[in-house]
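Just so you know, all these numbers are worked out from the coordinates, no wet-lab data involved. Worth saying up front: this structure is predicted, and the values here are computed from it rather than measured. Note that we place each Cβ from the backbone using ideal geometry, even for glycine, and neighbour counts take in every protein chain shown.
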């Protein structure tokens with residue numbers, strides 16, 4: 001269906017950028033050490049039981065890349081968690097927690113199914129036959145489960161799965177070659193454009209994106225992308241728990257974007273690059289404050305997403321303050337989204353978590 005004339009071009013650019021990139025089910029490498037730490041409130045860092053090798057953590061590599069320094073905590077120090085988190089981590093891992101509704105939710109620290117292992121063997125044969133193995137090495141197979149995730153994401157297309165793995169590796173190499181300074185990252189991450197606050201009822205980190213705040217940033221697309229990449233790596237490294245919590249929840253807030261003149265190409269490229277690095281991480285997305293374009297947003301989304309992908313996205317015009325607390329405990333949610341926590345207005349980074 002054609003778009004109505006009253007549909008402003010700015011909103012069209014916004015939708016086009018996000019719907020064409022943000023929710024693609026792609027995969028990035030798994031982190032080696034993915035537990036909360038004390039600098040983000042009440043947590044200390046430890047190596048999880050399913051961690052294959054106690055290597056230098058990804059966030060330390062990212063810290064070097066962006067000229068950041070973080071304190072490291074001893075593995076022997078206890079992991080301070082509240083009773084809910086403790087009970088969650090101690091409860092048995094059920095088949096429904098591993099795979100539900102056709103989606104595999106846990107890749108790390110669990111055995112592959114028989115058919116998945118067969119797919120891996122066939123993919124290796126494809127790589128050897130086409131002299132491609134040397135480009136990606138053994139790591140996607142032996143440690144990170146990157147290969148099987150990309151095979152799933154690309155719907156069993158081996159050629160596209162290889163291209164995806166290679167693009168992730170090349171993108172990470174490019175990010176490491178062009179570091180960004182601490183001041184720039186702090187300015188962007190403390191603008192409130194993208195931040196994380198609290199966890200949902202299944203302990204997934206909640207990430208908030210407030211698009212209207214982009215207009216106040218005097219930074220290039222590349223700088224915004226690198227800062228966002230740093231934040232998501234920070235979340236992946238310290239808030240996700242391999243074998244338990246491997247996905248996150250997004251709140252995409254469109255308030256104030258009606259007349260926001262977004263540069264479609266820059267935004268689209270930024271989101272595409274980030275989703276290439278962090279695919280298959282999205283559990284759910286709530287689009288709030290979409291105003292009178294709610295119905296149109298949903299129609300446009302159907303042009304880009306499969307039925308399975310659409311199940312992850314929910315548009316809420318005005319009812320989100322009642323809906324979101326059903327997914328996120330009120331004491332883990334800001335008041336502007338139906339919770340009881342004061343709205344963040346500054347100091348968005350490092351992330352805030354409630355006791």
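Of the listed peptides 108-117, 336-345, 161-170, what is their order by residue-averaged count of other C-beta atoms within 10 Å, with the highest listed first?
161-170, 336-345, 108-117
Sort region 153-207 into rounded, prolate or oblate with this rule: let a ≥ b ≥ c be the square roots of the eigenvalues of the Cα gyration tensor; rounded if a/c is under 1.5, and if a/c is not under 1.5, prolate when a/b is larger than b/c, oblate otherwise.
oblate
Calculate the all-directions average of the projected area of region 90-132's alpha-carbon convex hull, and give it in nm².
Result: 4.0 nm².
Rounded to whole Å and ordered largest first, report the semi-axes of the equivalent ellipsoid of region 202-245 derived from its Cα gyration tensor (root of 5λ).
26, 13, 5
Over all pairs of distinct alpha carbons, what does the Kirkwood formula give as the hydrodynamic radius of region 77-233, in Å?
19.0 Å
Can you give me the pair-distance distribution of region 139-184, C-alpha pairs, 5 Å bins, whole percents?
Pair shares across the bins are 5, 21, 22, 19, 12, 9, 8, 4, 1.
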